[in-house]
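See structure below.
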Amino acid sequence: MLYSILGIVLLISFITDVRKRRILNIVTFPAMGIGLFYYTLTLGWKGFLFSGAGLLVGFALLLIPYLLGGMGAGDVKLLAAIGALTGTSFVLYSFFYTALIGGVIGLILIMKRMEFWKFFKSPTYTLYSLMNLKGFKFNNESKLTYPYGVAITFGTLCAAFIGGIT
């Protein structure tokens, strides 16, 4: 049951983050509440601690990147909701996969911005660019961003289907 709710939360968050660059509180807060309520109802105090610890760990994992301006508050709350629904161990695996996927997406976007594909089209262009360091200039005025909810969604799906690394 909770994995169905998790799937719905991820789907809605993925769509709204891609379309509007927002992860909605109306999705994340009820998910946190459902996780806390369900585990408390079924396991009592231990269940509350299980879900609450997952919520706090999920929140803490993305708090520093948020405070440094690297992501939005919705991303932090989404990982906290994942923690509340699944517990500490799962949210740690989810975070691990999210970081890997987010890093790959970021690297692809940086390579796209640098027009890295030109280096493979022409050996002459590659040599010329390397000699003049052309193509390695960044426009410092524009920030490279992408909806991190995409990485969180795929990272969580990897944690669900692949599981932990042993």
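No other residue among Leu56, Leu68, Leu62, Leu6 is touching an Asp or Glu at 6+ places or on another chain (Cβ under 9 Å) and not basic (Lys, Arg) apart from Leu62. When Phe48, Phe37 are checked against the criterion of being surrounded by fewer than 19 Cβ atoms within 10 Å (Cβ to Cβ), in contact (Cβ under 8 Å) with a residue 12 or more places away in the chain and assigned to a helix (DSSP H, G or I), a single residue qualifies: Phe48. Which one of these is at pLDDT 95 or above and under 13 Å from Val150 (Cα atoms): Leu10, Leu55, Leu36? Step by step, each of Leu10, Leu55, Leu36 is checked, and only Leu10 is at pLDDT 95 or above and under 13 Å from Val150 (Cα atoms). If you go through segment 103-113 one residue at a time, do you hit one that is within 17 Å of the chain's Cα centre (by Cα), surrounded by fewer than 15 Cβ atoms within 10 Å (Cβ to Cβ) and not in a helix (DSSP H, G or I)? No, every residue in segment 103-113 fails to be within 17 Å of the chain's Cα centre (by Cα), surrounded by fewer than 15 Cβ atoms within 10 Å (Cβ to Cβ) and not in a helix (DSSP H, G or I). Pairs meeting the criteria (first residue in segment 55-72 and in contact (Cβ under 8 Å) with a residue 40 or more places away in the chain, second residue part of a helix (DSSP H, G or I), beta carbons under 8 Å, at least 6 apart or on different chains) are Met71/Leu62; Met71/Pro65; Gly72/Tyr66. Please tell me if Ala60 is of a type in the set (A, V, I, L, M, F, W, C) and surrounded by fewer than 19 Cβ atoms within 10 Å (Cβ to Cβ). Against the criterion (of a type in the set (A, V, I, L, M, F, W, C) and surrounded by fewer than 19 Cβ atoms within 10 Å (Cβ to Cβ)), Ala60 qualifies.
The values are calculated or read from the model by the stated rules, or taken from the named source; none is laboratory data. Quantities reported herein were computed from a predicted structural model and do not represent experimental measurements. FYI the Cβ positions are ideal-geometry reconstructions off the backbone, even for glycines, and counts take in every protein chain you see.
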